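*Asks:* I have a structure here, written as structure tokens, and I will follow up with some questions on it.
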Amino acid sequence: MASTTFSGPVTSTNGFIGALTGNVTGNVTGNVTGNIAGSGSITHATTAAINATATATAAQVATGYITSTSAAATAITLPTGTLLGAALGAVRGTVFDLYVDNTAGANTVTIAVAVNGILSGAAADTPGSFGDLTVPSGVTGLGRFTLMFSSATAYVFTRTA
């Protein structure tokens, strides 16, 4: 099979077949199937700053990375399952990681779910770990949360780091 190099966007009406190796940079939209393996890092091209108690917009959550630098305690309520599902193009089985960075903050950030967002069984059973919805300030102020969609409009929420 021949190898072809492109510079610029590439589209296909019938999809792409084959293996992808090397580094991938940029944004991925749509459905990804297959295996993703290897080690490396994820760099979020955009982030959202929420520095006061508020309900996050679906667009803010869809960045995958929320920062807070507030001196006051901050509560961030996630959007409804319907709004978030639409922003992410979610279907049953969609899994999405959300990072909350409070390393530059001076007080705690607390995450809350909204309508059609529920805490997972692990979060309900072990509130001190999987159900810990607070992110401290300072050097330990990083949290990773996973949203697993049971439908296009409902998600289950768990702290995963």
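Nothing in this text is a laboratory measurement; each read-out follows from the coordinates by a stated rule. Computed from a predicted model, the values in this text were never measured in an experiment. Don't worry about glycine lacking a Cβ; one is built from the backbone with ideal geometry, like all the others, and counts go over all protein chains shown.
*Asks:* Taking only the alpha carbons of segment 93-142, what extent do you get along each of the three principal axes, in Å, biggest first?
*Replies:* 33, 22, 17
*Asks:* If each of Thr103 and Thr57 carries a label point 7 Å out from its Cα toward its Cβ, how far apart are those two points in nm?
*Replies:* My value for the distance between the label points is 2.7 nm.
*Asks:* Enumerate the amide H contacts of Ala114 below 5 Å, restricted to partners 5 or more residues apart or on another chain; note that Pro and chain-start residues carry no placed amide H.
*Replies:* Leu78
*Asks:* Around Tyr155, which amide H atoms from residues at least 5 apart in sequence, or from another chain, sit under 5 Å from its own amide H, with H modelled in the peptide plane?
*Replies:* Gly117, Ile118, Ser150
*Asks:* On to the next question. Rounded to the nearest 0.05, what FRET efficiency do His44 and Thr140 have when you use their Cβ-Cβ distance and R0 = 22 Å? Could the numbers behind the result be given before it?
*Replies:* Values: r = 20 Å, r/R0 = 0.90.
According to the calculation, E is roughly 0.65.
*Asks:* Can you tell me the order of 41-47, 127-133 when each peptide is scored by its average per-residue count of other Cβ atoms within 10 angstrom, highest first?
*Replies:* Working: 41-47: 9.6, 127-133: 14.9.
Highest to lowest by the protection proxy: 127-133, 41-47.
*Asks:* Calculate, axis by axis, the spread of Cα positions in segment 49-159 along the three principal axes, and write the results as whole Å, longest axis first.
*Replies:* In descending order, the Cα extents are 37, 30, 19 Å.
*Asks:* In whole Hz, what ³J(HN,Hα) sequence does segment 108-120 give by Karplus (6.51, -1.76, 1.60; θ = phi - 60°), x for Gly and Pro?
*Replies:* Once rounded to whole Hz, the list reads 6, 10, 10, 9, 10, 9, 10, 4, 6, x, 10, 6, 5.
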